[in-house]
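S.K.: Mind looking over this structure? Questions follow.
The values are calculated or read from the model by the stated rules, or taken from the named source; none is laboratory data. It should be emphasised that the depicted structure is a prediction, and the values quoted were computed from it without experimental measurement. Using ideal geometry, Cβ is built from the backbone for each residue, glycine included, and neighbour counts are taken over all protein chains shown. Heads up: the accessible areas ignore ligands, DNA and RNA and are worked out on the full protein's heavy atoms, side chains in. Shrake-Rupley method; radii C 1.70, N 1.55, O 1.52, S 1.80 Å.
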Amino acid sequence: MALAMSSTPATRLLPQRLPKVCLALSGDTADDMLAIAESMARDNPFLEFRLDYLKQPLAALPKIHRFLETHQYVTAIATCRRADSGGKFKGSLAAQLEVLAKAHAAGCQIVDLELQSASKAKPEAIARLRSRAALILSFHDFRATRNLDETLAKMLKIPADFYKLVATAATLSDNVAMMKFLQAQSGKHALIGLCMGEQGIISRVLSVRAGSAFTFAAVSADLKTAPGQVSARDLRGIYRIDQVDAATRIYGVAGDPIEHSLSPVIMNTALRRENVNGVYLPLHAKTLKELIYCAREIPLHGLSITMPYKQAMLPYLDNSDAHTAKIGACNTVVRGQDGKLYGFNTDVAGVVRPLEQRLAIANAKVLVLGAGGAARAAVFGLKERGAEVWILNRTSAKAQKLARQAKAHTIKRADLRKLAFDVIINATPVGMGNTRDCPLKDEEIQAKVVFDMVYDPVETHLLQVARAKGIAVIPGVEMFVQQAARQFEIWTGKPAPAGDMLRAVTITLQERAAAQKQKKD
Ligand code: NAP
C-alpha cells in the first residue's frame with residue numbers, strides 16, 4: 001500500500017518504514033511509564049508516551065529525554081490529549097502545545113494533536129510545531145463509526161504528516177466501514193485508522209492490511225489506553241501483525257460471546273507453523289446477518305462457527321457436506337471464489353480421530369451422555385463407523401429423538417450398570433469450569449476409554465476418576481484440536497500440525513488457570 005507521507009525536515013528524521021505496531025504507554029508516574037518502556041523497548045521500538053496520564057507531564061520530560069538518548073533505536077510519539085477530546089490533560093491549549101514542543105525537544109520525533117485543539121490553535125503555532133516534529137492530527141469518535149470521509153476532509157484543512165481517525169465500532173460491520181475508508185484514502189494521505197471497542201478488535205489487525213500506517217497496541221491486557229486495544233504480545237505472537245499484508249487471507253471464529261475462545265491461539269499457531277499467509281480473528285457477531293455481510297465484504301476465506309450459531313447457520317449455506325445436513329449443525333464455513341458459502345461439520349472428526357487412535361470403532365459399545373449438538377456429532381459419526389451407540393440424556397425425549405434418527409439406542413441411568421461399555425463420552429457441559437462436578441457417579445464409570453468433551457479444565461473430575469481406575473482417557477482438548485485440524489485442512493488443503501496445536505492450547509489453558517488462581521489468591 002502506497003503511503004502518502006509528506007516530506008518535511010521532521011518526517012525525514014523518521015525511519016523509512018515505521019514499525020506496524022506502536023506501543024501505547026501509560027502509567028501514573030513517569031517512573032512507572034519509563035520502567036515499562038525500559039522493559040519493552042527492545043521488542044517494541046515504536047512507543048507512544050501518553051503524557052496526559054501523568055500529573056505533571058513537563059516534569060517527566062527530562063527522564064524521557066535520558067531514556068531516548070540511551071535507546072536511540074526507539075521512535076517516540078508524544079501525546080498529551082486534552083480531557084475534552086477524550087484524554088486526561090486538564091491544562092489549557094497553550095499548555096498542551098508547550099508540552100508537545102518540549103516533548104519534541106526531549107527526543108520524541110512525532111507529536112499527536114487532536115483536531116479539536118488544532119482547530120482552536122493559531123495556524124502559525126501548528127506550523128511551528130510541525131517544523132520540528134512530525135505531526136499526527138488525530139480525531140477520536142467515542143460513540144460510533146460514522147462520517148469518516150467528511151471528518152478527513154475537515155482534517156485535511158490543517159497540514160499534518162499523518163491523519164489519525166479512530167472511531168468506535170458498535171458492530172462488526174463498522175470495521176468494514178473503516179477498512180473501506182482506509183483502502184480508498186490511504187493511497188492519497190498518510191492515514192492511521194482503527195475502531196475502538198470490543199467490536200473493533202479485528203480492525204486493530206486488519207487496518208494495517210487496508211492501508212493504516214501503523215496500529216496501536218496495549219502493554220498488556222490490564223494496561224490499555226483505549227477500549228478494545230490488543231496487547232503487543234498478542235498482536236505479534238498470535239496475529240503475526242508484522243506479516244499481515246494485502247495478500248493475507250482472513251479467517252475467523254464467529255460466536256456470541258467469543259472473548260474467551262481458544263480458536264485464535266490454535267488456528268494462528270497452525271497458520272504460522274505451515275507458513276500460510278493467513279490470519280485468524282475472533283468475530284463477536286451479534287447477529288448472523290451481520291456475520292454474513294462481513295464474510296462477503298472483508299472478505300473472509302473461512303469461518304469457524306460456534307455457539308449460538310451452529311444450527312442457525314444452515315439456511316445461509318449454499319451447500320454443505322453430509323455430516324452437516326444429518327447433524328443439523330455447521331461448525332465450519334468455506335467461502336468459495338464464487339462467493340458461495342459451503343458448510344462442514346468437523347466435530348465428527350473431533351470425536352472419531354482421537355478414538356480411532358485408541359481402539360477399533362467398528363462394533364465398539366459406546367455410551368454418549370447428552371443429546372445436544374456435540375452429542376449429535378458423536379452419535380452420527382460413530383454410527384457411521386459401525387459402533388453400537390447408547391444415548392443417556394437429562395431430557396429423555398431428546399435422547400429418544402436422536403436415537404431414532406441415528407438408529408442408536410437410549411438407556412436409562414438405572415440400567416447403566418447392566419451394560420459394559422468400551423467407551424463413555426461426556427457430551428454435556430457438566431464438569432466445565434471446575435473439578436468437582438461429574439456427569440456420572442464413580443461406580444458408573446466403567447469402560448476401556450473415557451472421553452470428556454469438556455476441555456476447561458483439561459483434567460475434569462470425570463477424567464480424574466477414570467484415570468484413577470486405570471481407564472484410558474481422552475481430554476476435550478484433543479477433540480478441540482482435531483476438529484480445528486480438520487477445519488485447517490479444509491481451508492488450506494495442507495495437513496494440520498496437530499501436535500503444535502495441542503501444545504499451544506494446553507499452554508494457554510495452563511496460563512489462564514494460573515492467572516485465575518493468582519486473582520483468587
Ligand atoms: P448443547 O447443544 O447445549 O447440549 C448440551 C447437552 O447437555 C444437552 O443434551 C443437555 O441436556 C445436557 N446438559 C446440559 N446441562 C446439563 C446438566 N446440568 N446435567 C445433565 N445434562 C446436561 O451443547 P453442545 O454444543 O452439545 O456442547 C456440549 C458440551 O460439549 C459443552 O461442554 C461443550 O463445551 C463441549 N464441546 C466440546 C468440543 C470440543 O472441541 N472439545 C466441541 C463441541 C462441544 P438437555 O437436553 O436436558 O438440555
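S.K.: Taking every pair of alpha-carbon atoms in the chain, give the share separated by more than 31 Å as a whole percent.
M.R.: Values: 70498 of 135460 pairs.
Within the chain, distances greater than 31 Å cover 52 percent of Cα pairs.
S.K.: Sticking with the crude label model, points 7 Å out along Cα→Cβ, report the distance from R296 to Y73 in nm, one decimal please.
M.R.: 4.7
S.K.: Work out how much length R394 to S7 would gain on full extension: take 0.36 nm times their residue separation and subtract the Cα-Cα distance, in nm to one decimal.
M.R.: Values: separation 387, 0.36 × 387 = 139.32 nm, distance 7.00 nm.
Result for the pair: 132.3 nm of gain on full extension.
S.K.: Under unit Cβ charges (Lys, Arg +1; Asp, Glu -1), what dipole magnitude, rounded to 20 debye, does region 348-479 have relative to its Cα centre?
M.R.: Numbers: 20 positive and 13 negative charges, 111 e Å.
Computed charge dipole of region 348-479: roughly 540 debye.
S.K.: Helix 123-132: angle to the longest alpha-carbon principal axis of the chain, degrees 0 to 90, nearest 10?
M.R.: Orientation of helix 123-132: about 70 degrees from the principal axis.
S.K.: If you put +1 on each Lys and Arg Cβ and -1 on each Asp and Glu Cβ, how big is the dipole of region 26-153 around its Cα centre, in Debye rounded to 20?
M.R.: Approximately 360 debye in magnitude.
S.K.: Report the calculated FRET efficiency for R249 and R503 (r = Cβ-Cβ distance, R0 = 30 Å), to the nearest 0.05. Kindly include the intermediate steps, with their values, before the conclusion.
M.R.: On the way: r = 24 Å, r/R0 = 0.79.
Efficiency computed from Cβ-Cβ geometry: 0.80.
S.K.: So what are the ³J(HN,Hα) numbers for region 40-52, from phi and the Karplus equation (6.51, -1.76, 1.60; θ = phi - 60°), rounded to whole Hz, Gly and Pro as x?
M.R.: Calculated HN-Hα couplings, in order: 10, 4, 4, 8, 10, x, 10, 10, 10, 8, 7, 5, 5 Hz.
S.K.: Treating the angle as unsigned and between 0 and 90°, give the value, to the nearest 10°, between the Cα long axis of helix 201-210 and the longest Cα principal axis of the chain.
M.R.: In the chain, helix 201-210 runs at an angle near 60 degrees to the longest axis.
S.K.: Mind ranking 206-219, 122-135, 379-392 by how tightly packed they are, going by the mean number of other C-beta atoms within 10 angstrom, highest first? Please list the in-between numbers first.
M.R.: Numbers: 206-219: 24.8, 122-135: 17.3, 379-392: 21.9.
The peptides rank, most packed first, as 206-219, 379-392, 122-135.
S.K.: Once Lys and Arg get +1 and Asp and Glu get -1 on their Cβ, which of P62, A83, A184 lies farthest toward the positive end of the dipole of region 60-196?
M.R.: Going by the charge dipole, the pick is P62.
S.K.: Now a separate question. Sorted by packing (mean other beta-carbon atoms within 10 Å per residue), highest first, where do 400-409, 44-53, 25-34 land?
M.R.: Values: 400-409: 16.8, 44-53: 24.3, 25-34: 18.3.
Most protected by this proxy first, the peptides run 44-53, 25-34, 400-409.
S.K.: Something else: Using the Karplus curve 6.51 cos²θ - 1.76 cosθ + 1.60 with θ = phi - 60°, work out ³J(HN,Hα) for each residue of region 485-498 in order, rounded to whole Hz, and write x for Gly and Pro.
M.R.: With coefficients 6.51, -1.76 and 1.60, one gets 4, 5, 4, 4, 5, 4, 6, 10, x, 10, x, 7, x, 4 Hz.
S.K.: What part of the accessible area of region 171-265, given as a whole %, is carbon or sulfur when the probe is 1.4 angstrom? List each step's numbers first, then the result.
M.R.: On the way: 1550 of 3030 Å².
Ligands and nucleic acids excluded, carbon and sulfur reach 51 percent.
S.K.: Give the percent of DSSP beta bridges with both residues in region 9-246 that are antiparallel, rounded to the nearest 5.
M.R.: Values: 1 of 34 bridges.
Looking only at bridges with both residues in region 9-246, the antiparallel portion is about 5 percent.
S.K.: Could you tell me how far the Cα centroid of region 331-347 sits from the Cα centroid of region 424-495, in Å?
M.R.: If we compute the Cα centre of each part, the gap is 27 Å.
S.K.: Multiply the residue separation of D31 and E124 by 0.36 nm, subtract the distance between their alpha-carbon atoms, and state the gained length in nm to one decimal. The partial results should precede the final answer.
M.R.: Details: separation 93, 0.36 × 93 = 33.48 nm, distance 3.41 nm.
Extending this stretch completely gives an extra 30.1 nm.
S.K.: Okay, moving on. Which listed residue (Q482, V352, M155) has the Cα farthest towards the positive end of the charge dipole for the chain, taking +1 on Lys and Arg C-beta and -1 on Asp and Glu C-beta about the Cα centre?
M.R.: In the chain, that residue is V352.
S.K.: Related question: Based on Cβ point charges of +1 for Lys and Arg and -1 for Asp and Glu, what charge dipole magnitude is obtained for the chain about its Cα centre, in debye rounded to the nearest 20?
M.R.: Values: 68 positive and 49 negative charges, 102 e Å.
The dipole magnitude comes to about 500 debye.
S.K.: Return the sequence-ordered ³J(HN,Hα) values of region 135-142 in whole Hz as given by the Karplus equation 6.51 cos²θ - 1.76 cosθ + 1.60 applied to θ = phi - 60°, using x for Gly and Pro.
M.R.: Values, residue by residue: 10, 9, 8, 10, 9, 10, 10, 8 Hz.
S.K.: May I pose another question? Keeping every protein chain present and rolling a 1.4 Å probe, give me the accessible area per residue for the chain in Å². Don't jump to the answer; show the numbers that get you there.
M.R.: Working: 22750 Å² over 521 residues.
Roughly 44 Å² per residue, with all protein chains present.
S.K.: A follow-up question, please. Where does each of 253-259, 458-464, 161-167 land if you order them by average Cβ count within 10 Å, highest first?
M.R.: Numbers: 253-259: 18.7, 458-464: 20.7, 161-167: 24.3.
Result, highest mean first: 161-167, 458-464, 253-259.
S.K.: How much net charge surrounds G302 when only other residues with a Cβ under 9 Å from its Cβ are counted (Lys, Arg +1; Asp, Glu -1)? All intermediate terms of the calculation are to be shown ahead of the outcome.
M.R.: Details: positive: R249, R335; negative: none.
Once positives and negatives cancel, what remains is +2.
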